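This report concerns only the one structure given below.
The values are calculated or read from the model by the stated rules, or taken from the named source; none is laboratory data. From a predicted model like this one, the values you see are computed outputs, not experimental measurements. Virtual Cβ from ideal backbone geometry, glycine too; neighbours counted across all protein chains shown.
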Amino acid sequence: MLKVRVRVSATTANLGAGFNCLGMALELYNTLQMQETRYGLKIEITGEGKDVLPKDKKNLSFQAANKVFKKCGYVLKGLKIKMDNHIPIARGLGSSAASIVAGAAAANEICKKELSQEELMQICAKLEGHADNIVAAFLGGLTICGYKDNKLIYKNFFVRYGIRAIIAIPQNLEVNTRDAVAVLPKKVPFEDAVFNLNRVAFFVNGIITDDLETMGLGMEDRLHQPYRKKLIPGLENVFEAAKDAGAHGVSLSGAGSSVVAITNRYPQPIGQAMKKAFKRNGIEAKVMILDVDNKGVKNI
């Protein structure tokens, strides 16, 4: 029976000002192998989340795959899924989006690519609850997404080689998405909305024109980070340490708890400065230095 294998990248969303609309794919990957069987469901997981992720019908990869099979009218007998995860769980690096995208993409291969990429993204975004990580995982590079008449709209841009993402990943601090949403206000001041509008424009312009000083302006934010900092001790200290060490810009990765700094300078001192700032606040952090993935989801 047909066996397919796909690779999906980690993603960092928001990137400061681009709340729920900006995302960027990173060269850190989960792989998923899917094979139709004669009966039943078997899910094997290695790597990140192997002891906590569900191995039954609650598994996100299976749920995404099942939605694709139903959309295609494909009558499934049984299914075997093998997941090899390298994206940390609940750290703001798109682990759930990667699982969803991998399941949907693999199922579509079994269905002989009956669904378009746009249809797959619509299914995945609905399952995830927001589209920023989903679009970045599918397309790679820097992505912008939103909705028009309930239809997902999106664009992606190539990010040149040499722009690095330095990720400081707290090892003993998770941020639950529900908690990260709960701390946000129902309304924000008009001037804060205007501030973020110009900052997100600066970010996109800076990436496209390779002007990282301008891009760094775009990682300033007033819509979500000021409210979420209470969930991450010492967050402002980590931001300051990254900038002092040479980062062009720094922000929460998604809703956190990871922090992402971006630069084309020497990344190691920035990572170490972020790690030390976290440690001063009682948090052990792991540092990853990652290139941008411009390829998107791939069959391998």
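General observations
- The residue that is farthest from the chain's Cα centre (by Cα), counting only those in the stretch 230-248 that are modelled with pLDDT of 95 or more and charged (D, E, K, R), is Asp244.
- Given (1) touching a Leu at 6+ places or on another chain (Cβ under 9 Å); (2) among the basic types (Lys, Arg); (3) modelled with pLDDT under 90, index of the condition Arg164 fails: (3)
- Test for Ala245: is it free of Cβ contacts under 8 Å to residues at least 60 places away in the same chain, over 18 Å from Leu15 (Cα atoms), assigned by TED's automatic domain parsing to the domain that holds Ala182 and in contact with an Asp or Glu (Cβ under 7 Å, 6 or more places away or on another chain): no
- Tallying residues that are more than 27 Å from Arg228 (Cβ to Cβ) and polar (S, T, N, Q) within the stretch 19-34 yields 2.
- Residues in the stretch 31-47 that are touching a Gly at 6+ places or on another chain (Cβ under 6 Å) and either not in a strand (DSSP E or B) or not β-branched (Val, Ile, Thr) (or both): Arg38, Tyr39, Gly40.
- Ala17 vs. criteria crowded, with 20+ Cβ neighbours inside 10 Å, in a loop (DSSP other than H, G, I, E, B) and of a type outside the set (Val, Ile, Thr): yes
- Against the conditions (1) modelled with pLDDT under 95; (2) within 19 Å of Leu115 (Cα to Cα), Tyr39 satisfies every one except (2).
- Against the list (1) in contact (Cβ under 8 Å) with a residue 40 or more places away in the chain; (2) of a type in the set (A, V, I, L, M); (3) not in a strand (DSSP E or B), the condition Leu28 fails is (3).
- Options Asp221, Asp192; residue that is under 17 Å from Asn20 (Cβ atoms) and either free of Cβ contacts under 8 Å to residues at least 40 places away in the same chain or surrounded by fewer than 16 Cβ atoms within 10 Å (Cβ to Cβ) (or both): Asp192
- Residue match in the stretch 205-212 (condition: crowded, with 21+ Cβ neighbours inside 10 Å and in contact (Cβ under 8 Å) with a residue 12 or more places away in the chain): yes
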